[in-house]
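The structure under discussion appears below in the form of structure tokens.
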Amino acid sequence: AALGALPDGEAGATGFLDDDGVGGAPVRIEVRLAKRGETLTVDLSGSAGQVAGGVNVPWASTLASVAYLVRAVTDPTIPANDGTLGPVSIVCPEGSVLNPRPPAAVSVRHITLQRLADTMVRASASLWTEIVVAGHFVGFFSLMAEGPSPRTGRLTVLQDVVGGGTGAHGPRRYADGRRAPGGDGLDAVDTHLSNVGLL
């Protein structure tokens with residue numbers, strides 16, 4: 001029903017990773033959205049094939065990204081369950097960076113998921129102009145600090161991921177009539193799927 005309340009149409013967006021993590025060419029992430037009635041098709045078939053580096057995304061994580069999109073464009077309070085993807089068709093051939101064949105390297109998939117989510121959000125903003133969101137930081141870097149443990153006194157290392165933040169957004173009206181005000185994005189958080197913050 002929440003999808004049905006959005007206008008029908010088609011839109012797309014393309015994003016890239018700098019490389020595959022082992023010196024390969026830029027990795028293309030292409031998203032095409034087609035919304036008809038209460039159904040949504042998410043076509044990822046224009047994305048790169050699987051790569052040698054660890055940025056390939058297991059299929060379960062790609063599904064989670066699409067579920068994230070559906071909740072983001074409809075209502076984030078909708079429970080996250082299998083029904084979220086019931087009205088959604090996903091086109092993504094096996095052997096893609098977003099649906100790799102084993103034994104593909106997947107250890108650094110987080111950055112690819114962030115790029116996929118950001119590209120899907122950009123496509124949705126073109127399709128549904130009332131959903132206005134500025135670009136998000138898509139990066140992955142780590143902070144490491146060494147010092148004595150306050151409990152044991154032994155040398156220890158703290159490692160944490162740090163994000164750049166989310167884009168500003170315009171006001172929203174949900175299918176049930178509720179309104180959400182616009183506002184600035186969040187600072188110093190890992191964006192989209194994880195929302196990691198260093199406090």
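Split the chain at each of the trypsin sites (Lys or Arg not before Pro) in a DSSP loop with at most 11 other beta carbon atoms within 10 Å, and the longest piece is 1-150. Basic side chains Lys and Arg get +1 at the Cβ, acidic Asp and Glu get -1 at the Cβ, and with that the dipole of the chain about its Cα centre reaches some 240 debye.
Working note: 222 nm ellipticity from helices only, DSSP H runs with n ≥ 4, each -39,500 (n - 2.57), summed and divided by the residues of the chain, gives -5500 deg cm²/dmol to the nearest 500. Counting only protein heavy atoms and a 1.4 Å probe, the chain has 52 square angstrom of accessible area per residue.
Compared with the alpha-carbon gap, the fully stretched path from Val157 to Ala60 is longer by 31.8 nm at 0.36 nm per residue.
First compute the accessible area of segment 1-150 with a 1.4 Å probe, then give the percent of it belonging to carbon and sulfur atoms. Accessible surface attributable to carbon and sulfur in segment 1-150 totals 56 percent. Our note on the geometry: Cα centres of segment 78-102 and segment 29-65, 7 Å apart. Axis of helix 109-127 versus longest Cα principal axis of the chain: the two differ by about 30°, to the nearest ten degrees.
The distance between label points at Glu146 and Ala72 comes to 3.8 nm (points 7 Å beyond Cα on the Cα→Cβ vector).
The values are calculated or read from the model by the stated rules, or taken from the named source; none is laboratory data. What you are looking at is a predicted structure, and each value in this text was computed from that prediction instead of being measured. Every residue, glycine among them, receives a Cβ derived from its backbone with ideal geometry; neighbour counts consider all protein chains shown. Heads up: the accessible areas ignore ligands, DNA and RNA and are worked out on the full protein's heavy atoms, side chains in. Shrake-Rupley method; radii C 1.70, N 1.55, O 1.52, S 1.80 Å.
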